[in-house]
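Engineer: Structure incoming, see below.
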Amino acid sequence: MAIKRVLLKLSGESLSYDKVSISVEALKRTVSEIKTVAGKNIQLAVVIGAGNIWRGCGKFIERVTADKMGMLATVMNSLALSDALKKAGLKTKVFSASGVTGFAEIFNRDKAINALNKGYTVVFAGGTGNPFFTTDTTAALRAAEIGADILLKATQVDGVYSADPKKDKNAVRYNSLTFQEALDKKLKIMDQEAFSLCRESNISISVFDFYKNGNLKKILSGKKIGTVITAGGK
């Protein structure tokens, strides 16, 4: 199946470098990778986390409040990414699940799909709009809503392993898996809600090393990079 519409899930760390929450150097590198694929017969949407800005402050701040702060932090990251993409010559739109008047449009599925069809790189901010849900779940939800062909989970590892490769030298990397195989092996690919939603919506997941230059373009050019999880394991 040819990939046309893609949801790229980035961590907040993709914008951070050397303890700077939003680093110009990291931002430029992330934009450079995105520019190699955006607008080139690929409709690209992005969900970005907020771990570079906010991690919840343990149990000191109540969970609902902490999650709301995290959602606001994703808006900050989304605005930074969108502005940098514009500086690189790409058309972008930011949609937020929560009302942030003057900063981003409220998420609307039809408007988001229309923007993708017009060649915009769409950035989804504000999480799902509700506490208790991760940005992985946000990515899966938005991927399902826009009818994405694949969800690309950008990480710092080169795929899914049978165990933590940093702790187990015998850990095996999988090139491909079915959703059922991943469940049977109890592999932690995404949180349960996100994984289940992708499975139910038949959206393939690709886990890859985003920090190796050129990997994003290689995946969308059909190269076998990282680990792909599909309904049929192809």
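The values are calculated or read from the model by the stated rules, or taken from the named source; none is laboratory data. Worth saying up front: this structure is predicted, and the values here are computed from it rather than measured. Cβ coordinates were reconstructed from backbone atoms using ideal geometry, including for glycine residues, and neighbour counts include every protein chain displayed.
Engineer: Identify, by number, the condition in (1) surrounded by 17 or more Cβ atoms within 10 Å (Cβ to Cβ); (2) under 23 Å from Lys153 (Cβ atoms) that Val100 doesn't meet.
Structural biologist: In the conditions (1) surrounded by 17 or more Cβ atoms within 10 Å (Cβ to Cβ); (2) under 23 Å from Lys153 (Cβ atoms), Val100 misses (2) alone.
Engineer: Return the total of residues in the range 74-97 being in a loop (DSSP other than H, G, I, E, B), among the aliphatic types (A, V, I, L, M) and surrounded by fewer than 22 Cβ atoms within 10 Å (Cβ to Cβ).
Structural biologist: Of all residues in the range 74-97, those in a loop (DSSP other than H, G, I, E, B) come to 88-91, 97.
If we keep only those that are among the aliphatic types (A, V, I, L, M) as well, we get 88, 90, 97.
Remaining after also requiring surrounded by fewer than 22 Cβ atoms within 10 Å (Cβ to Cβ): 88, 90.
Residues flagged as in a loop (DSSP other than H, G, I, E, B), among the aliphatic types (A, V, I, L, M) and surrounded by fewer than 22 Cβ atoms within 10 Å (Cβ to Cβ) within the range 74-97 amount to 2.
Engineer: Could you tell me which residue of the range 203-222 is farthest from Leu7 (Cα to Cα), considering only residues that are surrounded by fewer than 19 Cβ atoms within 10 Å (Cβ to Cβ) and of a type in the set (S, T, N, Q)?
Structural biologist: Here is the first cut: in the range 203-222, the ones surrounded by fewer than 19 Cβ atoms within 10 Å (Cβ to Cβ) are 209, 211-214, 217-218, 221-222.
Checking the rest, the ones that are also of a type in the set (S, T, N, Q) come to 213, 221.
On the way: Asn213: 19, Ser221: 15 Å.
Per the stated criteria, the residue is Asn213.
Engineer: Mind telling me which of the residues Glu200, Glu193 ends up being more than 28 Å from Ala26 (Cα to Cα) and surrounded by 15 or more Cβ atoms within 10 Å (Cβ to Cβ)? Before you say what the answer is, go through the steps one by one.
Structural biologist: Values: Glu200 fails: surrounded by 15 or more Cβ atoms within 10 Å (Cβ to Cβ).
Answer to the check: Glu193.
Engineer: Check whether at least one residue in the range 92-101 is more than 17 Å from the chain's Cα centre (by Cα) and of a type in the set (Phe, Trp, Tyr), and report yes or no. Walk me through how you get there before you give the answer.
Structural biologist: Residues of the range 92-101 that are more than 17 Å from the chain's Cα centre (by Cα), as a first pass: 98-101.
Within this subset, residues satisfying the condition of being of a type in the set (Phe, Trp, Tyr) are none.
No.
Engineer: Evaluate the following for Ala139: is it over 20 Å from Gly232 (Cβ atoms) and either touching an Asp or Glu at 6+ places or on another chain (Cβ under 6 Å) or not in a loop (DSSP other than H, G, I, E, B) (or both)?
Structural biologist: Numbers: over 20 Å from Gly232 (Cβ atoms): yes; either touching an Asp or Glu at 6+ places or on another chain (Cβ under 6 Å) or not in a loop (DSSP other than H, G, I, E, B) (or both): yes.
Yes.
Engineer: Could you grab the pairs with beta carbons closer than 9 Å, sequence gap of 6+ or different chains, first residue in the range 32-53 and without any contact (Cβ under 8 Å) to a residue 24 or more places away in the chain, second one buried (at least 18 other Cβ atoms within 10 Å of the Cβ) and outside any loop (DSSP other than H, G, I, E, B)?
Structural biologist: That search, which allows pairs on different chains as well, returns Lys40/Leu220.
Each row is one residue, and each column tells you yes or no for (1) under 19 Å from Gly49 (Cα atoms); (2) out of contact with any helix residue (DSSP H, G or I) (no Cβ under 8 Å at 6 or more places or on another chain).
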{"position": "Glu105", "(1), (2)": "yes, no"}
{"position": "Ile113", "(1), (2)": "no, no"}
{"position": "Gly127", "(1), (2)": "yes, no"}
{"position": "Phe133", "(1), (2)": "yes, no"}
{"position": "Ala143", "(1), (2)": "yes, no"}
{"position": "Leu151", "(1), (2)": "yes, no"}
{"position": "Val157", "(1), (2)": "yes, yes"}
{"position": "Ala171", "(1), (2)": "no, yes"}
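Engineer: Continuing with the same structure: Would you say Thr101 is at pLDDT 95 or above and of a type in the set (Ser, Thr, Tyr)? Don't jump to the end; show me each part of the working.
Structural biologist: Working: at pLDDT 95 or above: no; of a type in the set (Ser, Thr, Tyr): yes.
When the stated conditions are applied, Thr101 does not pass them.
Engineer: Look at Ala73 and say whether it is in contact with a helix residue (DSSP H, G or I) (Cβ under 8 Å, 6 or more places away or on another chain) and closer than 21 Å to Glu145 by Cβ.
Structural biologist: Working: in contact with a helix residue (DSSP H, G or I) (Cβ under 8 Å, 6 or more places away or on another chain): yes; closer than 21 Å to Glu145 by Cβ: no.
Criteria not met by Ala73.
Engineer: Right, next: Given the criteria of a type outside the set (Asp, Glu), touching a residue at least 24 places away in the same chain (Cβ under 8 Å), assigned to a helix (DSSP H, G or I) and more than 25 Å from Val24 (Cα to Cα), does Thr128 qualify? Show your work before the answer.
Structural biologist: On the way: of a type outside the set (Asp, Glu): yes; touching a residue at least 24 places away in the same chain (Cβ under 8 Å): yes; assigned to a helix (DSSP H, G or I): no; more than 25 Å from Val24 (Cα to Cα): yes.
So Thr128 fails the test.
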